[in-house]
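Since the structure comes first, as structure tokens, the remarks are kept for the end.
The values are calculated or read from the model by the stated rules, or taken from the named source; none is laboratory data. This structure is a prediction, so every number in the text was calculated from the model and none was measured. Glycine also receives a Cβ, built like all others from the backbone with ideal geometry; neighbour counts cover every protein chain displayed. Side chains are part of the model used for accessible areas, which takes the heavy atoms of the whole protein and leaves out ligands, DNA and RNA. Shrake-Rupley method; radii C 1.70, N 1.55, O 1.52, S 1.80 Å.
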Amino acid sequence: MIDTAGAASPRTDRDAGDSALLDVRGLSIDLVGDEQQRGLVEDVSFQVGRRRSVALIGESGCGKSLTAFALLGLLSRATRVSGGSALFEGVDLLTAAPQQLARIRGGPIGAIFQDPMTSLDPTMKVGDQIAESRRLHLGESRKTARKHAERLLDQVGIANAPERARSYPHELSGGMQQRVMIASAIACDCKLLIADEPTTALDVTIQAQILELLADLQRGLGLAVLLVTHDLGVVADFCDDIVVMYAGHVVERNSVDEAFARPRHPYTKALLGAVPEGREARAKLPTIPGRVPPAGSFPEGCRFQPRCEFAVAACGEPQREVEIEPGRHTRCGRVAHDLLQLEARGGTHDESSART
Ligand SMILES: Nc1ncnc2c1ncn2[C@@H]1O[C@H](COP(=O)(O)OP(=O)(O)OP(=O)(O)O)[C@@H](O)[C@H]1O
Ligand SMILES: [Mg+2]
């Protein structure tokens with residue numbers, strides 16, 4: 001079991017802002033050499049507070065993986081960061097030298113992807129892969145690193161760890177491979193785990209076990225987590241904060257409780273299906289009529305406008321992200337305008353959400 005000694009203290013909203021472990025501001029990503037397809041990701045800002053878990057959600061093609069890959073310095077050559085910053089413990093991940101980034105990745109920032117086999121080396125025993133990472137990042141001796149690797153495998157719930165450490169990845173089930181991937185990600189004093197759909201490739205029972213493991217590790221080790229997911233049940237159960245992306249923009253940032261109870265952006269509202277039971281939602285993201293426009297054919301102004309049931313002519317104007325309450329942001333001019341009007345009349349923000 002995981003050692004929960006020294007577990008995180010109770011979390012508050014302030015953790016997400018002032019003491020952010022990761023502070024992303026204005027991140028933009030373009031397709032290289034294609035002027036038509038600028039702004040695959042545009043002006044993306046969010047924070048991950050220490051020990052917070054932040055969900056990055058949105059339909060397919062909205063830019064979640066590009067955002068995660070940019071933070072890890074793993075964008076393909078076809079795409080490039082064209083603006084913004086991403087401060088992690090004083091280092092800008094977007095401009096750091098490749099060697100510095102390599103030290104951070106696999107060290108204080110761990111990553112888990114959908115398919116563990118794309119990250120595990122098929123020619124190396126799993127224990128050696130984890131030990132290698134500790135030798136590289138922490139300078140441990142071969143023997144100490146190997147002992148640590150066995151302990152890590154045990155920590156992520158792999159029975160008979162010393163024996164399993166001598167297995168090659170293909171000798172393990174998908175769930176066990178993902179556990180190895182997680183052990184590898186947290187192997188070197190990890191503080192932030194970036195997980196891009198870490199359970200999508202697994203069957204439902206194993207998914208639940210892996211998520212439980214992630215939640216245990218987060219609490220036990222005080223990790224911060226940035227979780228890309230399509231699963232609202234996972235968001236409800238596992239995450240503190242939510243970042244909603246649509247067509248390369250962040251359209252809402254909020255606490256999960258607030259977003260489920262009072263989604264501010266019409267896209268968040270549509271995604272959550274305006275579920276009155278809030279965090280009781282257990283469904284996958286429901287479908288919304290229409291499709292996310294491909295890069296290169298984003299509409300002017302609000303990119304969600306053609307699918308938005310509340311759209312008015314003014315939505316064709318560029319939309320800024322506005323902080324409507326401390327820590328709560330929306331990129332919908334209508335919502336921000338209505339809230340200001342309501343405040344001027346002495347109403348509460350709760351009323352406005354019901355009216356949008
Ligand atoms: N190498 C690339 N070349 C061209 N377009 C790309 C490339 N990588 C990403 N894109 C485009 O950028 C957009 C965002 O892609 P991304 O993979 O970040 O989406 P996503 O939100 O992670 O979707 P999903 O939920 O399906 O994983 C998509 O329209 C995608 O087609
Ligand atoms: Mg993706």
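Only one entry of Ser53, Ser45, Ser19 meets the criterion of being more than 16 Å from ligand 1 (Cβ to nearest atom) and in contact with a helix residue (DSSP H, G or I) (Cβ under 7 Å, 6 or more places away or on another chain), and that entry is Ser53.
Among the residues of the stretch 186-195, the ones that are within 13 Å of ligand 1 (Cβ to nearest atom) and open to solvent by 10 Å² or more (accessible area, probe 1.4 Å) come to 0 in all. Within the stretch 50-66, residues that are farther than 23 Å from Gly290 by Cβ have Cβ atoms under 8 Å from residues that are basic (Lys, Arg) and open to solvent by 10 Å² or more (accessible area, probe 1.4 Å) in these pairs: Arg50/Lys191; Arg51/Arg11; Arg52/Arg11, counting only partners at least 6 apart in sequence or on another chain. Residues of the stretch 18-28 that are part of a strand (DSSP E or B) and either within 13 Å of ligand 2 (Cβ to nearest atom) or small (Gly, Ala, Ser) (or both): Ala20, Gly26, Ser28. Does Ala78 qualify as being within 16 Å of ligand 2 (Cβ to nearest atom) and open to solvent by 40 Å² or more (accessible area, probe 1.4 Å)? Considered against the rule, which asks whether it is within 16 Å of ligand 2 (Cβ to nearest atom) and open to solvent by 40 Å² or more (accessible area, probe 1.4 Å), Ala78 comes out as yes.
Considering (1) more than 30 Å from Phe304 (Cβ to Cβ); (2) within 16 Å of ligand 2 (Cβ to nearest atom), the lone condition that Leu66 does not fulfil carries the number (1). When the stretch 84-99 is filtered for residues that are surrounded by 14 or more Cβ atoms within 10 Å (Cβ to Cβ) and more than 18 Å from Gln47 (Cβ to Cβ), only Ala96 remains. Of the set (1) under 14 Å from the mean Cα position of the chain (by Cα); (2) within 12 Å of ligand 2 (Cβ to nearest atom), all apply to Ser53 but (2). Just one of the listed residues (Leu120, Leu101) is away from ligand 2 (no atom under 16 Å from the Cβ), over 28 Å from Gly290 (Cα atoms) and in a helix (DSSP H, G or I), and it is Leu101. Residues of the stretch 203-223 include none that is hydroxyl-bearing (Ser, Thr, Tyr) and at pLDDT 90 or above. Screening the stretch 196-223 for residues that are over 22 Å from Cys62 (Cβ atoms) and outside any helix (DSSP H, G or I) and picking the one that is most open to solvent (accessible area, probe 1.4 Å) gives Asp203. Does Ala195 satisfy the criteria of being in contact with a helix residue (DSSP H, G or I) (Cβ under 8 Å, 6 or more places away or on another chain), within 16 Å of ligand 2 (Cβ to nearest atom) and at negative phi? Answer is yes for this residue. Is it the case that some residue within the stretch 125-134 is small (Gly, Ala, Ser), under 19 Å from Ile210 (Cβ atoms) and at pLDDT below 95? Taking every residue of the stretch 125-134 in turn, none turns out to be small (Gly, Ala, Ser), under 19 Å from Ile210 (Cβ atoms) and at pLDDT below 95.
Here Glu163 clears all of (1) at pLDDT 95 or above; (2) crowded, with 19+ Cβ neighbours inside 10 Å except the condition numbered (2). What residue, among those in the stretch 41-68 that are of a type in the set (A, V, I, L, M) and either open to solvent by less than 10 Å² (accessible area, probe 1.4 Å) or assigned to a strand (DSSP E or B) (or both), is nearest to Asp23 (Cα to Cα)? Among them, the one singled out is Val48.
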